[in-house]
1. Tell me, yes or no, whether the range 2-11 has at least one residue that is small (Gly, Ala, Ser), at pLDDT 75 or above, open to solvent by less than 60 Å² (accessible area, probe 1.4 Å) and over 13 Å from the mean Cα position of the chain (by Cα).
2. Quick check, is GLU77 outside any helix (DSSP H, G or I), at pLDDT 85 or above and among the charged types (D, E, K, R)?
3. Considering only residues that are more than 23 Å from SER46 (Cα to Cα) and hydrophobic (A, V, I, L, M, F, W, C), look in the range 69-83 and name the one that is most open to solvent (accessible area, probe 1.4 Å).
4. Looking at the range 135-151, which of the residues that are surrounded by fewer than 23 Cβ atoms within 10 Å (Cβ to Cβ) and not in a helix (DSSP H, G or I) is modelled with the highest pLDDT?
5. Just the residues that are at pLDDT below 90 and open to solvent by less than 30 Å² (accessible area, probe 1.4 Å), please, taken from the range 84-98.
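The values are calculated or read from the model by the stated rules, or taken from the named source; none is laboratory data. Since the model is a prediction, treat every value here as computed from it, not as a measurement. Cβ sites come from the backbone with ideal geometry, for glycine too, and all protein chains shown count toward neighbours. Side chains included, ligands, DNA and RNA excluded: accessible areas come from the protein's heavy atoms. Shrake-Rupley method; radii C 1.70, N 1.55, O 1.52, S 1.80 Å.
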Amino acid sequence: MTRPSRCFPLVPLALLMTLASCGRDKFQQELDFEKVAIPLVREVQSGGYSVLTTKELHDRVRAGQGDWLLIDAMPYESFASGHIENAVNFVFPKDSMSSWDEAETGGKSEEDYAALLGADKSRAVVIYCGYATCLRSHNAAQWARSSRIGTPSLTPRTR
């Protein structure tokens, strides 16, 4: 029996909440938080994946836990300037990608992505991008899920 794959997006939401709350009243803080949180929740629900915190990903990387794949969905230039240890780069657009577009994925095909994900559908996949409202990791997770019929996890990256 094959277990569904797991994919985790990392969301430093607490940091965003803290930064958004500086110098504002409680009502405005709540509205600012909702502007980030509600779209993120809707993306996660529509994508069918789970979310990791920055700390959870950090702990996983440090522990070297098991066989899992870490994908950086940012443009190559960003990846080359710094990325999480053991991450591989596969570019996805920051806007929604409902059909595969090689112009938006660094010239790579859907088959290239499937090959990166591998045949083992039980292997955990963690995808990250630049920030909580970045759709790159969301796009990557949706395509991972459709490719593997598994459940990816996402996380935006902080520098």
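1. no
2. No; evaluated as a whole, the condition is false for this residue.
3. My answer is ALA80.
4. My answer is LEU135.
5. Scanning the range 84-98 gives a single hit, MET97.
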